[in-house]
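A.B. asks: Let me begin by handing over the structure; questions about it come next.
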Amino acid sequence: MTLRAGIVGCGGISRSHAAAYDGLADITLVAMCDINRDALNNRADEYGVPNRYTDYQEMFADETLDIVSVCTHAPLHAPITIAAAKAGIHVLCEKPLSVDLETADRMLKVCNKAGVHLAVSHQFRFTPLFRHAKSLIEAGKIGQLRSIREVGKGREAGFELMEMGVHYFDEMDFFLDGISWIQAHITYQGHDVTEEDIMHSSELCKTDRRDNGIVAGDTMLVHIGGASDAYGIMELYLRKHRHGWMMGPHLLGSEGQLMIKPNPQTGIDEMWYCPFDVSFAAHTPAWEQIELDTSVFIISEKAWKSRHTIWSAQNMQDAILNGNQPELGGRNALTSLECVNATYTSHFNGAKVQLPLEERSHPLVFS
C-alpha cells in the first residue's frame, strides 16, 4: 500500500517534511498548501508536487490523503489538525503541538473520535545515534545514569521553551523513561518573572518571527525528575552564536559520560564517550567518538545522519500501515507541552510540579 501525503505550511520546516516523504518508500507527496503562493510554488516545485492549494479545507476535500504534515505557526495547528481528522486523515504535527494544553487536549480528542493518529514530530529520539545511546546506557556503558544536561540555541528562554525546550522535554522523557516532576526558576532582565513580564513571543524574541503564543522570561533553569532516580537539567538563556548549535544531550553516569552534539562545521550529529564520571581541565582521558555503521542511517539508499523529520515520519508511516500507535501519538503527544505548563506553574508557585498534570489551563493566563 502506498500512502498519499500532503503538507500544510510551506515555510522552512516544510522542506524537512517534504524530503521525508520523498525519501520514504510506499509514500507519495501529492499535495501542498500555503496562503503564500510564492512559498507554496517554491516548495512544490522543489519536490515536484503537482497539486497546490491556498485553502487547506479545499485540499482535504479534493485530495484523498492518508497523512498530512502540519507545518504552520503553532496557533494554526489546532484548526488544521481538527479539519484533517474530520476528513479521516492522520496528522503528523510540528512542535509545539499547540500554544496551550487545553487546545492540544481538544486536538487529541477529535483525532481519537475520528479514529486517526495524531503524533508530534520530535524526531530526535528516533535517530540511530539517540537509539544507540539509549541502548549503551541500558547496557551499563556509563554505569547508572545520573543526569542529562541540555542548553538551548541562545534565544530568549520563553521563546526557546516552545521551540527547542519541547524537543528537550521529549528527549528527557526518552532517556529518563518518563518524566515525574518539573521544578523551574525563570528571570527576565535580571529579576524573577512576574505577571507583568508575560508577553507575546514576538515581543520577547525579535530575531525569530514564529508565533508561540504568550511566553515569559529570557533565562530559565528547569530541573526535570525522571521516573527513576536520574534527572535532567535544561538551561535556556540569551547568548551570541559563536560555536554552532550547542543542542544535544550530555549524559552523565556513575562510571562515564556520553555526549551527542552537532559538529560545528558540518551540523551532523556526533556521539562521544568518556570513561570518567567527572571531567577535569587537563586530566580527563581523551573523549572517544562512537561511530555507527553507515548502514543504520540508510533509508531508500540515502544516508540521513542529522535529526531529520524522516525518522519521525517513518514511525508514523509504520503505525498507519501496521495498525499500531505511533510512539509519539495519543497521550504521548501531549507530554512535552505538559512540561511547558509545568515549568511556568512551578515558577509562579515556587514548588515542584508533578506530572501528568491535572490542571490544563494556561499557566500564564491569570483571572
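A.B. asks: Rounded to the nearest 500, what is the chain's calculated 222 nm mean residue ellipticity when only DSSP H runs of at least 4 contribute -39500 (n - 2.57) each, over all residues?
C.D. replies: Dividing the helical sum by the residues of the chain leaves -8500 deg cm²/dmol.
A.B. asks: Still on this structure, please answer the following. May I ask you to compute the full-extension gain from Glu203 to Glu255, defined as 0.36 nm times their residue separation minus their alpha-carbon distance, rounded to one decimal in nm? Write out the running numbers ahead of the final one.
C.D. replies: Numbers: separation 52, 0.36 × 52 = 18.72 nm, distance 4.47 nm.
Gain on stretching Glu203 to Glu255: 14.2 nm.
A.B. asks: Over the range 246-289, what is the mean sequence separation of C-alpha contacts under 8 Å (at least six apart), divided by residue count, expressed as relative contact order in percent?
C.D. replies: Dividing the mean separation by the residue count of the range 246-289 yields 31 percent.
A.B. asks: Rounded to the nearest percent, how much of the accessible area of the range 75-206 (1.4 Å probe, protein heavy atoms only) is carbon and sulfur? Write down the numbers at each step before the final one.
C.D. replies: Working: 2140 of 4580 Å².
Carbon with sulfur: 47 percent of the solvent-accessible area.
A.B. asks: Another question, then. Would you kindly work out the equivalent ellipsoid of the chain from its C-alpha gyration tensor and give its semi-axes, the square roots of five times the eigenvalues, largest first in whole Å?
C.D. replies: Working: eigenvalues 207, 136, 73 Å².
With the √(5λ) rule applied to the chain, the semi-axes are 32, 26, 19 Å.
A.B. asks: Shifting gears a bit: In nm, what is the difference between 0.36 nm times the number of residues separating Ala61 and Asn36 and their Cα-Cα distance?
C.D. replies: Separation in residues times 0.36 nm, less the Cα-Cα distance, equals 7.0 nm.
A.B. asks: Hey, another quick one. To the nearest 20 debye, what charge dipole does the range 163-286 have about its Cα centre, counting +1 at the Cβ of each Lys and Arg and -1 at the Cβ of each Asp and Glu?
C.D. replies: Here the range 163-286 has a charge dipole of around 580 debye.
A.B. asks: Can you list, bin by bin at 10 Å, the percent of alpha carbon pairs in the range 209-367, starting at 0?
C.D. replies: Binned Cα distances yield the sequence 8, 24, 34, 27, 8, 0.
A.B. asks: Using the structure shown, select from Lys95/Lys153; Lys153/Lys302; Lys261/Lys352 the pairs with a Cα to Cα distance greater than 21 angstrom.
C.D. replies: Where the Cα-Cα span goes over 21 Å, the pairs concerned are Lys153/Lys302; Lys261/Lys352.
A.B. asks: What ranking do 111-123, 85-97 get when scored by the average of other Cβ atoms within 10 Å per residue, highest first?
C.D. replies: My ranking of the peptides, most packed first, is 85-97, 111-123.
A.B. asks: Still on this structure, I have one more. Normalised by the residues of the chain, what does the relative contact order come to in percent, with Cα pairs under 8 Å and at least six apart?
C.D. replies: 19
A.B. asks: I've got another one for you. About the Cα centre of the chain, what is the dipole size in debye to 20, counting +1 per Lys and Arg Cβ and -1 per Asp and Glu Cβ, all else neutral?
C.D. replies: For the chain, the charge dipole is close to 300 debye.
A.B. asks: How much length, in nm to one decimal, is gained on full extension between His73 and Asp293, taken as 0.36 nm per residue of separation minus their Cα-Cα distance?
C.D. replies: 75.5 nm
A.B. asks: Given an 8 Å cut-off on Cα distances and at least 6 residues of separation, report the relative contact order of the range 132-197 as a percent.
C.D. replies: Taking the mean separation of contacting Cα pairs over the length of the range 132-197, I get 16 percent.
A.B. asks: Percent of accessible area on the range 216-354 owned by carbon and sulfur, 1.4 Å probe?
C.D. replies: The C+S portion of the solvent-accessible surface of the range 216-354 is 51 percent.
A.B. asks: HN-Hα J couplings of the range 186-196 from phi, Karplus 6.51/-1.76/1.60, θ = phi - 60°, integer Hz, Gly and Pro as x?
C.D. replies: 10, 10, 9, 6, x, 10, 4, 5, 10, 4, 5
A.B. asks: Also, quick follow-up: Could you order peptides 101-110, 9-18 by the average number of other Cβ atoms within 10 Å of their residues, highest first? Let's see the in-between values first.
C.D. replies: Working: 101-110: 19.4, 9-18: 21.7.
Final packing ranking: 9-18, 101-110.
A.B. asks: Can I ask one more? Given H placed 1.01 Å from N in the peptide plane, which residues other than close sequence neighbours of Trp181 have an amide H under 5 Å from its amide H?
C.D. replies: Long-range HN contacts for Trp181: Gly225, Leu355.
A.B. asks: Moving on to the next point. Sort 314-320, 218-224, 270-276, 284-290 for me by packing, meaning the mean count of neighbouring Cβ atoms within 10 Å per residue, highest on top.
C.D. replies: Taking the mean over residues of other Cβ atoms within 10 Å, the ranking is 218-224, 314-320, 270-276, 284-290.
A.B. asks: Would any residue of the range 118-156 have its amide N under 16 Å from a label point 7 Å out along Cα→Cβ of Asn263? List them or say none.
C.D. replies: The answer is 129.
A.B. asks: Using amide H atoms built in the peptide plane, which far-off residues or other-chain residues are under 5 Å from Asn51 H to H?
C.D. replies: Correct list: Met32.
A.B. asks: Tell me which of Gly158, Ala114, Thr127 sits at the most positive position along the dipole axis of the chain, charges placed on C-beta atoms (Lys, Arg +1; Asp, Glu -1).
C.D. replies: Sorting the options by dipole projection puts first Thr127.
A.B. asks: Quick one: which residues, 5+ away or cross-chain, put their amide H under 5 Å from the amide H of Glu270? H built at 1.01 Å from N.
C.D. replies: Counting only residues 5 or more places away or on other chains, the set is Lys261, Asn263.
The values are calculated or read from the model by the stated rules, or taken from the named source; none is laboratory data. It should be emphasised that the depicted structure is a prediction, and the values quoted were computed from it without experimental measurement. Using ideal geometry, Cβ is built from the backbone for each residue, glycine included, and neighbour counts are taken over all protein chains shown. Accessible surface areas use protein heavy atoms only, side chains included; no ligands, DNA or RNA. Shrake-Rupley method; radii C 1.70, N 1.55, O 1.52, S 1.80 Å.
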